[in-house]
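The block underneath contains the structure these notes are about, expressed in structure tokens.
The values are calculated or read from the model by the stated rules, or taken from the named source; none is laboratory data. Nothing here was measured: the structure is a model prediction, and the numbers come from that model. Glycine gets a Cβ as well: all are built from the backbone with ideal geometry, and neighbour counts include every protein chain shown.
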Amino acid sequence: MASKGNASSNAHLNTPTRLTGAEILWAALAGEGVDTVFGYPGGAILPAYDALHKFPIRHVLVRHEQGAAHMADGYARASGKVGVALATSGPGATNLITGIATAMLDSIPMVCITGNVSSKVLGTDAFQEVDITGITLPVTKHNFLVSKTEDLAHAIRAAFQIARSGRPGPVLVDITKDAQQGTAIFDFDAAKPHPYRPHPMLTVEQSGLDQAAELIRNAKRPVILAGHGIMESGAMEQVRTLAERAQIPVALTLLGLGGFPASHPLNLGMMGMHGEAWVNHAIQESDLLIACGMRFDDRVTGTLSTYALNAKKIHIEIDPAEINKNVKADVALVGDLRAVLEDLLPRINTRDGSAWLKTIDASKGAVAVRDIKNLPDSGHLYAAHVMHDLWRITGGDAIIATDVGQHQMWEAQYFRHETPRTLITSGGLGTMGFGLPAAIGAKFACPDKDVWVIAGDGGFQMTASELATIAQEKIKINIAIINNGYLGMIRQWQEFLYEGNYQAASLVSPDFVKLADAHGIPGRAVRTRAEVADAVNEARSAKGAFLLNFMVEKEESVYPMILPGSALHEMMRRPGKRPKDPLEESAADE
Ligand SMILES: Cc1cc2nc3c(=O)[nH]c(=O)nc-3n(C[C@H](O)[C@H](O)[C@H](O)COP(=O)(O)OP(=O)(O)OC[C@H]3O[C@@H](n4cnc5c(N)ncnc54)[C@H](O)[C@@H]3O)c2cc1C
Ligand SMILES: Cc1ncc(C[n+]2csc(CCOP(=O)(O)OP(=O)(O)O)c2C)c(N)n1
Ligand SMILES: [Mg+2]
């Protein structure tokens, strides 16, 4: 069972009291609203663990510190709150790094606490000493080395403020052992950091808003590019109002999925490398792109020199460094998306967008038939069928954490996300091994939600040790392994770009059902399309965690695909005959 402390210790928050550094750490975390931390002990952090039982915080013992970081990340993505991971010095701290970098690339608010050797021996290559603040400098939004007990409360409070303010990101607080053991007066209120002051460039000029409104008024073929910033800003309503009032279709990034309802008539679907063909065509033909909290990642733009050449660009973005980084903005509105849109909306009148919407609709018929409908139901099982059934059976009302690879793209294509924070996926770093621990973090954040992890047979093995965490914590997570016997995305690239020279792509795996069983988690292998729905229902109705091992087609590829170096509209389509009827791609048996 998770350790859980004594709720009465929160009293420290009201009255300045002399405490040890270890106690100050927990008291400050509790004061910041932390209820759960994910961690792994070791010598340099043991003083902190020694004080844990006095505080109302649940500690989840992970099996590898990478898991702790991904759990904190999954917790943050699912809840919108700051996730917290804890590790010892040296190898404990370095094991966190992949998880920290994953959070950094996707702007996730997270605080990682590490212990370090005593301040007197810092820099002497003491046992398990690494310069973790030096190592994590490029992958944290900020980090602190605390070597005096009296500095600790302020560092923790500042870490939370930095992690969650402006463009969110991970912050590391490294605390020497003597700083944990010493004492100081803990005064929570006095440790409050200076109020967050937005970057001086974060002021939107009235003239910028007027120009943006003018561009929208005059546009004939506008497209909203909806990104992860919608979730981070809580701007779902404002984006929807803009789209509906001005009748502008909405294309989403991978991390934007859920920010605008999939079922909304103005939702075009995902853009980019594995996005919908009609979405990418619409972007290329557009005369105005309105980028809302997205950063024109290379997976989104294809070759920049050919990207949306006829479109003016309005870029609404909180981080000035993103403006003109990849794509030049004609109008840059630098600020919080929700606040900017609230200022912009009074300037937006209703527009008739029907001609452009009709054009896009027609292009769907011509070029964009989702392939699944045409896959023969010949007893073979395709990942798309699994995603579709999962979506249909859950009614879309589930949190899905994915791993990285083909299955991640199929999830994005076939599971329709209606609401924000229901897709938890590593976009920028593309970290294999993310899915299972991220799902655990999401379950702690949203215990009443149906939480699924969808992982490949490769990535699942990177952090499969966290099955033991699920067992120990007795949490209900449904695990779907899309088992194609390959590092599928690698196989696909080798098929398309390396003349089918499959090297290090084929994968021998353990029997995942037996592996789950060894952890006391029941499971079942699924081999045909006809079994999928029953298996999904069995997993959902099981009391505890359940693992489904979907034995899917081995050499299936994700389409469409923009090959590296190609323009957004030069998508590789599934070879073979094109069906006549447009859209409504469905994996349901016809
Ligand atoms: C195998 C693989 C394939 C992929 N294929 C695709 C693909 O086909 N299509 C695709 O879209 N992606 C794809 N990705 C993901 C891609 O790499 C990027 O992670 C993704 O496109 C980034 O989306 P984003 O810009 O919306 O989010 P982020 O990278 O999180 O950027 C969000 C932006 O919003 C800003 N922001 C944050 N808060 C606010 C706020 N309050 N107000 C305003 N702005 C704010 C941030 O500063 C940042 O610039 C793929 C990833 C993998 C691993
Ligand atoms: C930690 C890490 N190592 C390597 C990669 C490169 N990579 C991207 S996708 C992929 C294959 C994933 O295979 P699997 O987990 O089986 O998923 P599939 O593509 O088959 O659905 C690899 C190796 C990565 N993204 N992350
Ligand atoms: Mg695989």
* To do: Scan the range 472-502 residue by residue and report those that are more than 15 Å from ligand 1 (Cβ to nearest atom) and basic (K, R).
  => K474, K476
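Return the residue satisfying two criteria in turn: it lies in the range 475-509 and is assigned to a loop (DSSP other than H, G, I, E, B), free of Cβ contacts under 8 Å to residues at least 24 places away in the same chain and more than 10 Å from ligand 3 (Cβ to nearest atom), and of such residues it is surrounded by the most Cβ atoms within 10 Å (Cβ to Cβ).
Going through the range 475-509, the residues assigned to a loop (DSSP other than H, G, I, E, B) turn out to be 475-477, 484-485, 487, 498-505, 507-509.
So of that shortlist, the ones also free of Cβ contacts under 8 Å to residues at least 24 places away in the same chain come out as 498-505, 508.
From what's left, more than 10 Å from ligand 3 (Cβ to nearest atom): 498-504, 508.
Working: Y498: 12, E499: 7, G500: 10, N501: 9, Y502: 14, Q503: 9, A504: 9, V508: 6.
Filtering the range 475-509 for residues that are assigned to a loop (DSSP other than H, G, I, E, B), free of Cβ contacts under 8 Å to residues at least 24 places away in the same chain and more than 10 Å from ligand 3 (Cβ to nearest atom), the one surrounded by the most Cβ atoms within 10 Å (Cβ to Cβ) comes out as Y502.
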* Subset of the range 477-509 [more than 10 Å from ligand 2 (Cβ to nearest atom) and either under 20 Å from T402 (Cα atoms) or among the basic types (K, R) (or both)] -> I477, N478, I479, A480
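Kindly indicate whether L255 is away from ligand 3 (no atom under 16 Å from the Cβ), surrounded by fewer than 21 Cβ atoms within 10 Å (Cβ to Cβ) and modelled with pLDDT of 95 or more. Working first, answer last.
Details: away from ligand 3 (no atom under 16 Å from the Cβ): yes; surrounded by fewer than 21 Cβ atoms within 10 Å (Cβ to Cβ): no; modelled with pLDDT of 95 or more: yes.
Judged against the criteria, L255 is not a match.
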* Kindly list the number of the only condition in (1) touching a residue at least 60 places away in the same chain (Cβ under 8 Å); (2) closer than 26 Å to V84 by Cβ that fails for M409. => (2)
* Could you give me the residue pairs with C-beta distances under 6 Å whose first residue belongs to the range 126-150 and is farther than 16 Å from T94 by Cα, whose second residue is part of a loop (DSSP other than H, G, I, E, B) wherever it lies, and which are 6+ apart or on separate chains? => K141/G169; T149/G182
* Looking at the range 418-437, which of its residues are within 16 Å of ligand 3 (Cβ to nearest atom), surrounded by 21 or more Cβ atoms within 10 Å (Cβ to Cβ) and of a type outside the set (S, T, N, Q)? -> M432, G433, F434, G435, L436
* Structure fact -> Listed by first then second residue, the pairs whose first member lies in the range 326-338 and is away from ligand 3 (no atom under 16 Å from the Cβ), whose partner is among the aromatic types (F, W, Y), with beta carbons under 7 Å and at least 6 positions apart or on separate chains, are N326/F296; V327/F296; V327/Y307
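What is the residue count in the range 450-474 for residues that are acidic (D, E) and either free of Cβ contacts under 8 Å to residues at least 24 places away in the same chain or over 24 Å from A384 (Cβ atoms) (or both)?
Start the filter on the range 450-474 by keeping residues that are acidic (D, E), which leaves 450, 457, 466, 473.
With the extra rule that they be either free of Cβ contacts under 8 Å to residues at least 24 places away in the same chain or over 24 Å from A384 (Cβ atoms) (or both), the set shrinks to 466, 473.
The qualifying residues number 2.
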* Options L436, L507, L429, L423: the member that is in contact with a Leu (Cβ under 7 Å, 6 or more places away or on another chain) and more than 15 Å from ligand 1 (Cβ to nearest atom) -> L507
* With respect to the numbered conditions (1) in contact with a Lys or Arg (Cβ under 6 Å, 6 or more places away or on another chain); (2) crowded, with 20+ Cβ neighbours inside 10 Å; (3) over 22 Å from L268 (Cβ atoms), which one is the sole condition not fulfilled by L288? -> (3)
* Could you say which residue among H264, H274, H281 is closer than 14 Å to Q413 by Cβ and not in a strand (DSSP E or B)? -> H274
* Which one is nearest to ligand 3 (Cβ to nearest atom) among residues in the range 380-415 that are among the charged types (D, E, K, R) and touching a Leu at 6+ places or on another chain (Cβ under 9 Å)? -> D403
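Would you point out the residue of the range 267-308, among those that are among the charged types (D, E, K, R) and within 15 Å of Y559 (Cα to Cα), that is modelled with the highest pLDDT?
First pass over the range 267-308, keeping only residues among the charged types (D, E, K, R): 276, 285, 287, 295, 297-299.
Retained after the next criterion (residues that are within 15 Å of Y559 (Cα to Cα)): 276, 299.
Values: E276: 89, R299: 96.
Ranking the candidates gives R299 first.
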* Filter result for I175 (part of a strand (DSSP E or B), more than 16 Å from ligand 2 (Cβ to nearest atom), buried (at least 23 other Cβ atoms within 10 Å of the Cβ) and of a type outside the set (G, A, S)) -> yes
* Structure fact -> Reported set for the range 415-456 where residues are over 25 Å from G272 (Cβ atoms) and assigned to a helix (DSSP H, G or I) is L436, P437, I440, G441, K443, F444, A445
* Where in the range 202-246 are there helices (runs of 4 or more DSSP H), lying fully within it, with 3 or more residues that are over 16 Å from T350 (Cα atoms) and touching a residue at least 40 places away in the same chain (Cβ under 8 Å)? -> 206-218, 229-233
